[in-house]
Structure formats: C-alpha cells, structure tokens
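The values are calculated or read from the model by the stated rules, or taken from the named source; none is laboratory data. Model, not experiment: these values are computed from the prediction. Here the Cβ positions follow ideal geometry from the backbone for every residue, glycine too, while neighbour counts run over all protein chains shown.
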Amino acid sequence: MTTKEKIVESALFLFNRFGIVSVRLQHIADEAQLSVGNLAYHFRTKDDLVEFIYEQIVLQQQQLLTDLRVMPLFVNLERHLQNTWLIQQRYSFFFTDTLEIMRAYPAIKRKHREHIGWQKLQIQLFLDFNISRGALQPPVTPDTVGQLADRYLLITETWMSYQVMQGTPVKELEEGVFKQAIWAILSPCFSAEGREEYEYMRQLPFDSLG
C-alpha cells in the first residue's frame, strides 16, 4: 500500500466512524502513523482529500453504470445493486451525510449535480431497453420513464441515510433489504415476461451473479 493509499484508507476509517466534520488532518495523520507534513505532501488540505475521495466514488459508480449499459438485463441489475451496496458500505460517510457535505464543499455540490444527471440518463437508458425488449411495460405518459429513474436514484442514494436516521447503525444494514427496496420501484412495471425473468433470477445461486 502506498502512502497516499494509506492516507485515504485512514481517512475513510475515521470519516465512516466519526463523521466528516469531526475529523481533522491531525487525526488522519495519527491514524496513518504519519506526520502532518508527510500527509500534506499528498493532500495539502482536508478539502483536497475529501474531493479526491469523492472522485473515487464517482469513478466507481460510473464504471458500474457503464457495465450495466453493456448488458442491461435484470440479472445484471442485480449484480449492479450488489456492487452499489459495496460502494456505499466503503464510503458510508458520504451516503449518510450527503447534504452536509454538499453544504460544506461547493465544488463537490456542483460536480454531484452533474453526476446525478448523468446517472439518471444511464438509468433511463436501462429502462428504455427493458421496455423495448418487453420486460417492462410501456410508459403511460412520455415522462413516466424519467420519473421512474428519479425514484430509482432517490432510493439508491438516500436509503442508507434514511435507515440511519431510523436508528439502524450502518454495520447492521442488510444488503438484501437494500436491493429489495430498489426492485420494489421497478416491480409494478414488470410485464408478465419480466416478472417471470425476475422470479427465475431470484432462484439463482448467489455465486452465479458474481
């Protein structure tokens, strides 16, 4: 592990455990067993470090959605949700304190607005494909697909925060419950063929989805 990677891992450990506001560069340096000067060589300020970590989140989410666009079938969405869960576990501080981070870091807020728009487009493309192949029912109105994509992103991005506000610690959250919440958005739109495909997928061994 490089020094830079060690700093990032130490920051993630502290951010996830104590929240981003409570952690200073000195805390991160202590956790990484480095001097503040050594840390500052890689990240001059805490803002620089937070923005670097945010970019890692974006890159990983973009890769997942790009992979989904290649094979936008239900089984691939299930795999996508599994990997989305792993990202949210790794960067739980971001998904539990998103609004606070947006207020504190205007540059991240601007980038995140663009990123959300890009994610929505990818989900709309996924929905359009599955409508065209008959797995989802055609939209009732032209804006139905966009509204469905909005609901998908709303639940995906805020589910963890809502559960924590309800009193459930991050470490006690369950992947299966998260995925069920997402599928519940799509299931009312299943065609008969889509429901059959979904039920078949649910019977597959976990390893076959990896």
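Exactly one condition in (1) in a helix (DSSP H, G or I); (2) out of contact with any strand residue (DSSP E or B) (no Cβ under 6 Å at 6 or more places or on another chain); (3) buried (at least 16 other Cβ atoms within 10 Å of the Cβ) is not met by P139; state its number.
(1)
Determine if segment 40-61 includes at least one residue that is closer than 27 Å to I131 by Cα and in the same structural domain as G117 (by TED's automatic domain parsing).
Checking segment 40-61: at least one residue is closer than 27 Å to I131 by Cα and in the same structural domain as G117 (by TED's automatic domain parsing).
Could you give every pair whose Cβ atoms fall below 6 Å, whose first residue belongs to segment 91-102 and is touching a residue at least 60 places away in the same chain (Cβ under 8 Å) and of a type in the set (A, V, I, L, M, F, W, C), and whose second residue is outside any helix (DSSP H, G or I) and crowded, with 20+ Cβ neighbours inside 10 Å, counting only separations of at least 6 or pairs across chains?
Going by the 6 Å Cβ cut-off, the qualifying pairs are F93/I20.
I'm checking my understanding of the structure. Among residues of segment 121-167 that are aliphatic (A, V, I, L, M) and more than 30 Å from N16 (Cβ to Cβ), which one is farthest from the chain's Cα centre (by Cα)?
V140
Got a sec? Which of Y162, Y152 is surrounded by 12 or more Cβ atoms within 10 Å (Cβ to Cβ), without any contact (Cβ under 8 Å) to a residue 12 or more places away in the chain and not in a loop (DSSP other than H, G, I, E, B)?
On inspection, the qualifying residue turns out to be Y162.
Is it true that L68 is under 30 Å from Y198 (Cα atoms), surrounded by 18 or more Cβ atoms within 10 Å (Cβ to Cβ) and of a type outside the set (S, T, N, Q)?
For L68, the condition - under 30 Å from Y198 (Cα atoms), surrounded by 18 or more Cβ atoms within 10 Å (Cβ to Cβ) and of a type outside the set (S, T, N, Q) - is met.
Mind counting the residues in segment 165-188 that are surrounded by 12 or more Cβ atoms within 10 Å (Cβ to Cβ) and not in a helix (DSSP H, G or I)?
2
Within segment 21-60, work out how many residues are β-branched (V, I, T) and free of Cβ contacts under 8 Å to residues at least 24 places away in the same chain.
Residues meeting the conditions: 4.
What are the residues in segment 52-65 that are closer than 29 Å to Y198 by Cβ, surrounded by 14 or more Cβ atoms within 10 Å (Cβ to Cβ) and not aliphatic (A, V, I, L, M), if any?
Q60, Q61, Q62 - these are the residues of segment 52-65 that are closer than 29 Å to Y198 by Cβ, surrounded by 14 or more Cβ atoms within 10 Å (Cβ to Cβ) and not aliphatic (A, V, I, L, M).
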